[in-house]
Every structure is written in C-alpha cells, then in structure tokens.
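Enquirer: What follows is a single structure, and I will ask about it in a moment.
The values are calculated or read from the model by the stated rules, or taken from the named source; none is laboratory data. This is a predicted model, so every value here is computed, not measured. Cβ placement follows ideal geometry from the backbone for every residue including glycine, while neighbour counts extend to all protein chains displayed. The accessibility values were calculated without ligands, DNA or RNA, using every heavy atom of the protein model including side chains. Shrake-Rupley method; radii C 1.70, N 1.55, O 1.52, S 1.80 Å.
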Amino acid sequence: MHFCTFTYSVETNIFTVKMNKIYLDNAATTPLADEVIDAMVGTMKMNFGNPSSTHSFGQEAKILIENVRRQVADYLHVTPAEIIFTSCGTESNNMIIKSAVEHLGVERIISSPLEHKCVSESILDMKARKGVEVNYIRPNEKGDIDLHKLEELLKSSDKKTLVSLMHVNNEIGNIYDIKKIAELCKENNALFHSDTVQTMAHMDLDFSDIQVDFASCSAHKFHGPKGVGFAFIRKSSGLKGIITGGPQERSLRAGTENVAGIVGLGKALELSLNNLEAYTSHMQEIKNYAAERLSAEIPGIKFNGRSSEKENSLYTVLSALLPYKNPLIGLQLDMKGIAISQGSACSSGASKPSMVMMMVLSEDEMDHCTPLRISFSHLTTKEDIDALVTALKEISKDFVIENTNVEHR
Ligand code: PLP
C-alpha cells in the first residue's frame, strides 16, 4: 500500500504532500485503521466525562472502558478484572517486573538476551536497586531458547523466581513456546511473565490454556492508537501497581484513563479478530513472496533466526541479512520512499549493535553484512515488495558481495 505524507512549514505557511511512500516497518508501529480514528473521534467529542465521576457523563465514559475490558478478557479467555489498561507495552512490562520484585518478593529473574529493552532494563534496574539475582539463557544461533536449560535453572534454586521470556521476538520474528514455558514454571513454582506485545491481536491467545501469570499489550502494533495498552495480571498472583494516587484500574494503575485510546484499542482488536484468518494468510503470502524474491534477486542474502520458517516465525516479520556492509541502507531506502528498519547490528560506531543481532550473527557477519527487518501488515502488497527488491538491487550494485567467505554462526 502506498502512503502520502503531509508536512507543514510554519515559516512559509506551505503544505508539502509526498506521494507513493511504502511502509514496511509494521513491527515498529502500524497505521491507524479509519474505523479506529472514527471511534476515537466520536468518543472524544461525545464522551469527555471523567470515568471516576459519579454523574452520567462520567458513567458513560466508564461504560465504554468496561466494554473494552470485557472484550479483551473474552479474547484471552480470562476475567475482566485481570485486564489493567496502561499507556503502552513498556509501562505494562515495567509494572509487572518491578511489582513482582517489590510486592511479590521475587528474588531471582530468569530471562534471555533477546528481550525488548523495556524488559531487560527493568530487570537490570531490579538487579541494581533490589539485589535481585538474574540468570540469562543464551539462545543458539537460530535464536532458540533451550527449555532443558530453563528447567535446569528453575530446579537449581529455592529463591522465589520470575521467568520473563517473550512470545515473539520483535527483531527476528521467532515464536517461543509459552505454553510449555508456563508449564515448566508451574511445575517449579515460579511466576511467568511473557512480553506478548508482538502477538496480541495477531494470533488466537487462550490464557485459560496457557498458564502465563503476566502478559503485555500495545495497541499501536495492530492499527490502534499509540499511548494505550494493557497488562494481563492473573488474579491469583496478587500483583500490585507501582503508580499510586487513585483508585482507577482497581488501584493497580492510578490516573485518569485514556478513554478514547481504550476505545481505539477495542476497535482495533475487533477489526483484527474479525479478519484474523484473512489477514494471517495475506501476510504469510506476502512474507513468502518477499523471501522468494529477495533470495532470487539479491545473491548471497540470508535470513536471520527462524525468520524464513513458517511454523517457528510470525508472519509479520522477515529478518534479512544483506551480504555486504552498508550502515546507510535505512537512509538510502528512505530516500527512495521505502520505510524499513535496519535492525541495528551496525559496526559503524554510530549506533550500537542490537543484542538480538549479537546473539544470532557471527562476528564476521556483524563486520561484513547488514541486517534488515522487513515487517508487514494486511495493507502490504506484492507491489510494495517488488519496489523494495528493485531499490535493493540498485543499492547493491555499488557493493561488493562480502559474505562469500564470511563465517556464519
Ligand atoms: N515489547 C516488544 C516486543 C516490542 O516490540 C515493543 C515495541 O516495539 C514494546 C515491548 C514496547 O511497546 P510500546 O511501544 O507500546 O511501549
């Protein structure tokens, strides 16, 4: 799908419209669905009441929030009381990890170097401030987590333990078996948090079957608004909030609710779930097409982690490795009208390599190759992929293929 962008200059009072831009960075964020915008605008106009007010304006806003809470709970097969609206995935993950330490007496956290920074830095904060022991499971070169190692670690200590392992990795798209991880945690009396930001609304999730204790969601990953998400907190866990100062969200997250944002989240979830089968098969087809065309047209290209495997990788992300070093690739593609995330395994000194890329790439690959994260939505077309391939072929002409002798992990 082609997008146009509008910029406005205050100095010249001129609007500029740029046509035909292609967006392939849907793991970073997705465009808002029109229906979501309409629902939010309607709410902002008609339902400005404070949901904590007891008069009808307040109660109408409150009903809107509770309807979305029920809708989310139905999707996850949990109770509405277990859904706490927050401002984003980052806040949800911070809240869960920090509160598990501060309020549930967690003394040890088991995690992996593949986690999003909002998880890994929350864990490091708890290590620095609360003296929590942290054990990491190092993934293999495909980005797999060894569950025998997890079991071994779980059995190795009597300390109260939280396991924090994500459902789908945002850089390479690997899917992790959170049902099995939850079972191991239950058997060994540990709590289990999973960062589910990349999977909420992208697949069926049944938390009456998957015994996860805590999970997170961010609406802007599925065509909802930024600035709103939720935490799933299993009732039996006893977790408390870290933002205090009001009774909102059952006193787990004080602060006047983002009513329009929550309505937008609900509308985006409804659209995703109503179209789940169609969206999934469309994106899977686009991803296969992208992998095939790139393999055929860019000699020496390879794919990172489990990215090109249908069963073990989410249909939204294809992580590629170009066979030459070009730290400016993101900028060059942007200048050709294609928005894409470079991944960040860059040895230019300008940006630090991402931990995920450091785990799945060899040192040689880090030095001589360029990662590229291509991420799709139901709006992505084969023409978008064709345009990407053409642009990459043009850019690649200027580079010598370096990876023929590169040692892979
Ligand atoms: N966790 C994962 C796996 C993500 O991909 C992201 C966003 O990129 C986040 C957490 C943070 O979500 P938010 O942007 O809502 O703070």
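Enquirer: Would you confirm whether any residue within region 296-314 is of a type in the set (F, W, Y) and either within 29 Å of D146 (Cβ to Cβ) or open to solvent by less than 10 Å² (accessible area, probe 1.4 Å) (or both)? Give the derivation first.
Expert: So in region 296-314, the residues of a type in the set (F, W, Y) come out as 303.
Add one more test, that the residue is either within 29 Å of D146 (Cβ to Cβ) or open to solvent by less than 10 Å² (accessible area, probe 1.4 Å) (or both), and what stays is 303.
Yes, the conditions are met somewhere in region 296-314.
Enquirer: Any residue at all in region 144-157 that's touching a residue at least 60 places away in the same chain (Cβ under 8 Å), in contact with a helix residue (DSSP H, G or I) (Cβ under 8 Å, 6 or more places away or on another chain) and part of a loop (DSSP other than H, G, I, E, B)?
Expert: Let us first name the residues in region 144-157 that are touching a residue at least 60 places away in the same chain (Cβ under 8 Å), namely 144.
From what is left, the residues that are in contact with a helix residue (DSSP H, G or I) (Cβ under 8 Å, 6 or more places away or on another chain) are none.
No, region 144-157 contains no residue that is touching a residue at least 60 places away in the same chain (Cβ under 8 Å), in contact with a helix residue (DSSP H, G or I) (Cβ under 8 Å, 6 or more places away or on another chain) and part of a loop (DSSP other than H, G, I, E, B).
Enquirer: What is the residue count in region 6-37 for residues that are surrounded by 13 or more Cβ atoms within 10 Å (Cβ to Cβ) and either modelled with pLDDT under 75 or not aromatic (F, W, Y) (or both)? Quick ask: steps written out before the conclusion?
Expert: Of all residues in region 6-37, those surrounded by 13 or more Cβ atoms within 10 Å (Cβ to Cβ) come to 21-33, 35-37.
Then keep just the ones that are either modelled with pLDDT under 75 or not aromatic (F, W, Y) (or both); that gives 21-22, 24-33, 35-37.
Here the count works out to 15.
Enquirer: Moving on. Restricting to region 38-49, name every residue that is surrounded by 16 or more Cβ atoms within 10 Å (Cβ to Cβ), among the hydrophobic types (A, V, I, L, M, F, W, C) and not in a helix (DSSP H, G or I). So that I can check it myself, show each step before the final result.
Expert: So in region 38-49, the residues surrounded by 16 or more Cβ atoms within 10 Å (Cβ to Cβ) come out as 39-40, 43, 47, 49.
Remaining after also requiring among the hydrophobic types (A, V, I, L, M, F, W, C): 39-40.
If the condition is that a residue be surrounded by 16 or more Cβ atoms within 10 Å (Cβ to Cβ), among the hydrophobic types (A, V, I, L, M, F, W, C) and not in a helix (DSSP H, G or I), then no residue fits.
Enquirer: Same structure again: In the set L162, L147, which member is buried (at least 19 other Cβ atoms within 10 Å of the Cβ) and in contact with a Lys or Arg (Cβ under 8 Å, 6 or more places away or on another chain)? Break it down stepwise before answering.
Expert: Details: L147 fails: buried (at least 19 other Cβ atoms within 10 Å of the Cβ).
On inspection, the qualifying residue turns out to be L162.
Enquirer: Which residues, taken from region 62-79, are open to solvent by 30 Å² or more (accessible area, probe 1.4 Å), more than 15 Å from A215 (Cβ to Cβ) and touching an Asp or Glu at 6+ places or on another chain (Cβ under 9 Å)?
Expert: Residues of region 62-79 open to solvent by 30 Å² or more (accessible area, probe 1.4 Å): 62-64, 66-67, 70-71, 74, 77, 79.
Adding the requirement that they be more than 15 Å from A215 (Cβ to Cβ) leaves 62-64, 66-67, 70-71, 74.
If the condition is that a residue be open to solvent by 30 Å² or more (accessible area, probe 1.4 Å), more than 15 Å from A215 (Cβ to Cβ) and touching an Asp or Glu at 6+ places or on another chain (Cβ under 9 Å), then K62, Q71 are the ones that fit.
Enquirer: Across region 177-200, what is the total count of residues that are in a helix (DSSP H, G or I) and more than 16 Å from the ligand (Cβ to nearest atom)? Give the steps one after another, and end with the answer.
Expert: Initially, region 177-200 is screened for residues in a helix (DSSP H, G or I), giving 178-187.
The next check asks that each one be more than 16 Å from the ligand (Cβ to nearest atom); those that pass are 179-180, 182-187.
Number of matching residues: 8.
Enquirer: Name every residue in region 90-102 that is within 21 Å of A182 (Cα to Cα) and either touching a helix residue (DSSP H, G or I) at 6+ places or on another chain (Cβ under 7 Å) or open to solvent by 60 Å² or more (accessible area, probe 1.4 Å) (or both), in order of residue number.
Expert: In the first step, residues of region 90-102 are kept if they are within 21 Å of A182 (Cα to Cα); the result is 92-101.
The answer is N93, N94, I97, K98, V101.
Enquirer: One residue is enough: does region 307-316 have a residue meeting the conditions closer than 14 Å to D384 by Cα and in contact (Cβ under 8 Å) with a residue 40 or more places away in the chain? Walk me through it before giving the result.
Expert: Initially, region 307-316 is screened for residues closer than 14 Å to D384 by Cα, giving none.
No, that holds for no residue.
Enquirer: Please return the ranges of helices (runs of 4 or more DSSP H) entirely within region 55-137 where 2 or more residues are within 16 Å of the ligand (Cβ to nearest atom) and among the hydrophobic types (A, V, I, L, M, F, W, C).
Expert: Numbers: elements: 56-76, 89-104, 117-130.
Qualifying helices (runs of 4 or more DSSP H): 89-104, 117-130.
Enquirer: Kindly provide the set of residues from region 310-326 that are out of contact with any helix residue (DSSP H, G or I) (no Cβ under 9 Å at 6 or more places or on another chain) and among the polar types (S, T, N, Q), ordered by number.
Expert: N312
Enquirer: Taking only region 214-272 into account, find how many residues are more than 16 Å from the ligand (Cβ to nearest atom), in a helix (DSSP H, G or I) and open to solvent by 30 Å² or more (accessible area, probe 1.4 Å).
Expert: 7
Yes or no, residue by residue, for (1) assigned by TED's automatic domain parsing to the domain that holds R253; (2) open to solvent by 20 Å² or more (accessible area, probe 1.4 Å); (3) touching a Ser or Thr at 6+ places or on another chain (Cβ under 6 Å); (4) touching a residue at least 40 places away in the same chain (Cβ under 8 Å):
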site	(1), (2), (3), (4)
P51	yes, no, no, yes
E60	yes, yes, no, no
E82	yes, no, no, yes
S87	yes, yes, no, yes
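Enquirer: Continuing with the same structure: Can you list residue pairs whose Cβ atoms sit under 6 Å apart, with the first residue in region 281-305 being assigned to a helix (DSSP H, G or I) and the second being at pLDDT below 95 and open to solvent by 20 Å² or more (accessible area, probe 1.4 Å)? Count only pairs 6 or more apart in sequence or on different chains.
Expert: A291/S308
Enquirer: Can you tell me how many residues within region 359-408 are outside any strand (DSSP E or B), touching a residue at least 24 places away in the same chain (Cβ under 8 Å) and among the polar types (S, T, N, Q)?
Expert: The number of residues fulfilling the criteria is 7.
Enquirer: Right, something else. Counting just the residues of region 142-176 that are under 13 Å from R108 (Cα atoms) and small (G, A, S), which one comes out nearest to the ligand (Cβ to nearest atom)?
Expert: S164
Enquirer: What are the pairs, 6+ residues apart or on separate chains, where a residue within region 119-139 that is in the same structural domain as K159 (by TED's automatic domain parsing) has its Cβ under 9 Å from a residue that is aliphatic (A, V, I, L, M) and open to solvent by 90 Å² or more (accessible area, probe 1.4 Å)?
Expert: Listed by first residue and then by second, the contacts come to S120/M355.
Enquirer: If you don't mind, another one. From the list S348, S362, pick out the single residue that is open to solvent by 20 Å² or more (accessible area, probe 1.4 Å) and either at pLDDT 95 or above or of a type outside the set (A, V, I, L, M, F, W, C) (or both).
Expert: On the way: S362 fails: open to solvent by 20 Å² or more (accessible area, probe 1.4 Å).
The match here is S348.
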